[in-house]
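Notes follow the structure.
The values are calculated or read from the model by the stated rules, or taken from the named source; none is laboratory data. Keep in mind that this is a model prediction, so the values were computed, not measured. A quick note on method: Cβ atoms are made from the backbone with ideal geometry, for glycine too, and the neighbour counts reach across all protein chains shown. Ligands, DNA and RNA are excluded from the accessible area calculation, which covers all protein heavy atoms including side chains. Shrake-Rupley method; radii C 1.70, N 1.55, O 1.52, S 1.80 Å.
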Amino acid sequence: MEEQYDYYMMEGDQALASLDFQEASKNYNMALQSAQEGTLAMKLRPRTIVPTINLARCLRELARYKEAEDVLTTCIPKEDRDPPLDTRLHVRVLSTLAELYQAQSKYDAAAKLHEKAVGLARGCTPTLELAGSIA
């Protein structure tokens, strides 16, 4: 299963790099499926968060905004019901969702998510990834 996951992630990353968003989204979906096989509560595990973020980015580029939003919101912990995400992954999810809102001209919602992401990022190792999504 891990080999399949790695294969589909690599194929998805290559397709994303070549701007083939349709092929990338197909591969990220396959990576998610291989990561979820045989488990119950995988949606918040780090192994599923990265392909979920990448899938949402591809869906955004394909102007499939509702699907992208649905995919990303499954990653955000709902108060006390879900275990917390790794802070860096949580920041990536929020930033990707904010980018999605920006693409739809929902600037107020995007700004709120960016502010929340920046607040969370202050507690972890800084990366340029967040800066790129805000710029």
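Points to keep in mind about this one:
- Any hit, the stretch 41-62, residues being more than 11 Å from the chain's Cα centre (by Cα), part of a helix (DSSP H, G or I) and at pLDDT below 85: yes
- Here 32, 128 are screened, and the one residue that is out of contact with any helix residue (DSSP H, G or I) (no Cβ under 8 Å at 6 or more places or on another chain), modelled with pLDDT under 95 and under 23 Å from residue 10 (Cα atoms) is 128.
- Residue that is modelled with the highest pLDDT, among those in the stretch 63-91 that are open to solvent by 80 Å² or more (accessible area, probe 1.4 Å), part of a helix (DSSP H, G or I) and out of contact with any helix residue (DSSP H, G or I) (no Cβ under 7 Å at 6 or more places or on another chain): 66
- Within the stretch 1-27, tally of residues that are of a type outside the set (Ser, Thr, Tyr) and touching a Ser or Thr at 6+ places or on another chain (Cβ under 6 Å): 2
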